[in-house]
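Inspection log for the structure reproduced underneath, given as structure tokens.
Each value in this text was obtained by applying a stated rule to the coordinates, not by laboratory testing. These figures come from a predicted structure and were not determined experimentally. Note: ideal-geometry Cβ built from the backbone for every residue, glycine included; neighbour counts use all protein chains shown.
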Amino acid sequence: MRLTDYEKKLLDGKHGKAIQIAMRVLYDLGKNYEADYFVEIASCHDDSTCFMGEAQVAFAEHLVRLGARFSVPTTTNACAIDMNRFDRQKLDLEFMTATRRIEASHLALGAIASWTCAPYQAGFTPGFGQQVAYAESNVIAFVNSIVGARTNRYAGPLELLAGIAGRVPYFGLHVTENRKAQGLVTLGKDITPDMFEHDDVYTLLAYAYGEIVGDRVWAMDKLPKNISMDNLKHMSATMASSGGIALFHLVGITPEAQSLEMAFQGETPREVVTITRKSLQKARAQLCNPDIEESLDIVSLGCPHFSCAEFLLLEKALKGKKVHGNTLLWVFTSRTTYGLIRDSGQLHRLSSLGVEVFVDGCALEHATEKWNTRTYMSNSGKFCTYCFSKTGCHPFFGTITDCAKSAVQGRMIWKKKPWLN
Amino acid sequence: MEEKTMVELSCKYIIAPKKTLQLELLFSNDPISFFGGVNSKNGKIEDHRHSSYQESITNKAFAFPFGKGSSGAGLVLMEMARLQTAPAAIINIRTDPVILTGPLICKHFYDQFFPVINLTREEYAKLSIMKKVALFATGEILEAFEK
């Protein structure tokens, strides 16, 4: 790799031990992907925040002891719990103590305390074409695809080292040519315009797309242009769950795919796959397969973190009715969105209907045994993908409106969808 | 009596082992997300959609075509290394930085070598009937055994 004089000094340890070891790892990474040089990054998103064991906690503390500091603005992802309401969540004390240690070390590294898995809806969005190093699979897919910023799929704690070094090897999706779509997913004739009136169709399409495309860069066409930011968020999160999608192009919608030609950088698709009504039915069967249908223990929303627009939809769908006494309606959001709905009076109105709003934490971390939870419902393709392995229960999947109605009734109810005909 | 058969596969070592390793192989054609896909405490696959559901990857050469899903994979693999439930090697067609994070951190921070190998799609397919593999510090070939 060609190195600048400054990068040589970093690798030689002239700027301290922490940045030296960070650079060594990144240099090794660059060698593996045959990168020619480093590229400076404008920002970093830190996903080493959700507690998965002592190794990550000790690692971040080790970095602090080495004297490490982030050299670019670095935002924190969601962590495992609501740091102030973990007792209500009934999560183990171990989660709270570990999370506070993670908080202390990451803030000592100089992180911005955003604590959200939808930073792009909390004021932290990179610019088009900007080189960044982001972790958290939905954020990676969103900023690459919807924003047009450039990141590879970095994972915790590698992104910490990128944030410390302020640079990454120039490879993969940092490079224009590698962002070219290779194949096209198109919609069959039996996918009709009325289907797009239902928000869940986007998640089902995304689930099918992730399964077809895997870890490659492809494009999808024929989606309506007025697709909402929240549906784009759920598409990003779902594709990055059923598949390993880091970048997807929506023809006529996303910035690097304003036309088919643009998405394929002047070439033509090497492969075309058609999604049909049957694909949607298959995707739904993967996301919606509850063990018990009679009762509903919890409706879990906010995976990724709920937005202001989603809170508006939820309130509208509840129609002033209270959540059923046997059902929990929990919403996970960022501190930013929480502040906005608190100040507008919406939080008070929702709370009086029995909606509980949590910040910082992750909907997938639920104390299933302590709550004796047997049935989950969510509007999230990501939540429903991981629900069984994280909780031992298969979920029920529906729109925010389906979720609100079900929470009020205390059982799963949903509108019959046109793709099931 | 059946002959013990061995094939030699050309491959790319992203991280080579320090010494020759003979490992039991767990082969799959399904991609995996370590977060929500593997239980770090017992080393078992917990994704019910995966073909090796409930099998242990601990101390095995774990072959999956590529990583998918959550970027929590790095943290899960590091925790598995700490709890000694980690696979002994990873074999992929493509290894993205999400999968490579754990092995890279282990190498540079803990001097722990966690081999990662890439095979072409054709060579990878040959592993499907294999039970064991041998990895070499020279970092050039992979031997696969039917028994």
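Restricting to DSSP H runs of at least four residues, report the calculated mean residue ellipticity at 222 nm for chain B, -39500 (n - 2.57) per run over all residues, nearest 500 deg cm²/dmol.
-6500 deg cm²/dmol
Please work out the Cα convex hull volume for region A:5-176 and give it in Å³ per residue.
Convex hull volume per residue, Cα atoms: 105 Å³.
Using the basic label-point model (7 angstrom from Cα toward the beta carbon), what is the A:Trp371 to A:Leu312 distance in nanometres?
It is 2.8 nm.
To the nearest 20 Debye, how big is the dipole of chain A about its Cα centre, given +1 on the beta carbon of each Lys and Arg and -1 on that of each Asp and Glu?
440 debye
Let me confirm one metric for peptide A:384-393, namely the mean number of other chain beta-carbon atoms within 10 Å of its residues' beta-carbons.
Shielding by partners across A:384-393 averages 4.
Please report the spacing between the Cα centers of region A:73-116 and region A:309-388 in Å, no decimals.
19 Å
Residues with beta-carbon under 15 Å from that of A:Lys321, excluding A:Lys321: net charge, scoring Lys, Arg +1 and Asp, Glu -1?
Local net charge: +4.
Suppose every Lys and Arg Cβ carries +1 and every Asp and Glu Cβ carries -1, with no other charges. What dipole size does region B:1-59 come out with about its Cα centre, to the nearest 20 debye?
360 debye
For region B:2-114, what is the percent of antiparallel DSSP beta bridges, rounded to the nearest 5?
The antiparallel fraction comes to roughly 20 percent.
Suppose a student asked you for the relative contact order of chain A, using Cα pairs under 8 Å spaced at least 6 residues apart; what percent would you report?
Contact order relative to length: 17 percent.
Mean separation of Cα pairs under 8 Å and 6+ residues apart, divided by the residue count of region A:288-414: what relative contact order is that in percent?
Once divided by the residue count of region A:288-414, the mean separation gives 39 percent.
Taking only Cα atoms, what is the 0 to 90° angle, nearest 10, from helix B:73-83's long axis to the longest principal axis of chain B?
So the helix axis and the longest Cα principal axis differ by about 80 degrees.
Angle check, please: helix B:97-110 long axis (alpha carbons) against the longest principal axis of chain B (alpha carbons), in degrees 0 to 90, nearest 10.
80 degrees
Please work out the FRET efficiency for the pair A:Val64 and A:Arg342, using the Cβ-Cβ distance as r and a Förster radius of 51 Å; give the result to the nearest 0.05.
0.95
What is the extension gain from A:Glu293 to A:Thr186, computed as 0.36 nm multiplied by their sequence separation minus the C-alpha to C-alpha distance, in nm to one decimal?
Length difference between fully extended and current span is 35.1 nm.
Based on alpha-carbon atoms only, what is the radius of gyration of region A:269-421 relative to the globular estimate 2.2 N^0.38 Å?
Scaled against compact globular proteins, the figure is 1.08.
Taking the Cα-to-Cβ direction at A:Ser259 and at A:Glu177 and moving 7 Å from each Cα, how far apart do the two end points lie in nm?
Result for the modelled spin labels: 2.3 nm.
State the percent of C-alpha pairs, over all pairs in region B:6-145, separated by a distance greater than 18 angstrom.
48 percent
Just subtract the alpha-carbon distance of A:Thr274 and A:Lys31 from 0.36 nm times their residue separation and send over the number in nm, one decimal.
My answer for the length gained is 83.7 nm.
Which residues in region A:275-298 have a backbone N closer than 19 Å to a point placed 7 Å from the Cα of A:Lys222 along the Cα-to-Cβ line?
Within reach of a label on A:Lys222: A:275-284.
Taking each residue of A:238-251 in turn, how many C-beta atoms of other protein chains fall within 10 Å of its C-beta, and what is the average?
3
Compute the projected area of the convex hull of the Cα atoms of region A:187-256, averaged over all viewing directions, and report it in nm² to one decimal place.
So the mean shadow area of the Cα hull is 4.3 nm².
Over region B:66-147, what is the relative contact order in whole percent, taking alpha-carbon pairs under 8 Å and six or more residues apart?
Across region B:66-147, relative contact order equals 25 percent.
Take the Cα pairs of the protein assembly as shown, get the Kirkwood Rh, then feed it into Stokes-Einstein at 4 °C and 1.567 mPa s and tell me D in µm²/s.
Here the translational diffusion coefficient equals 54 µm²/s.
So how far apart, in nm, are the two label points at B:Lys131 and A:Thr4 if each is 7 Å from Cα heading toward Cβ?
So the label points at B:Lys131 and A:Thr4 sit 5.6 nm apart.
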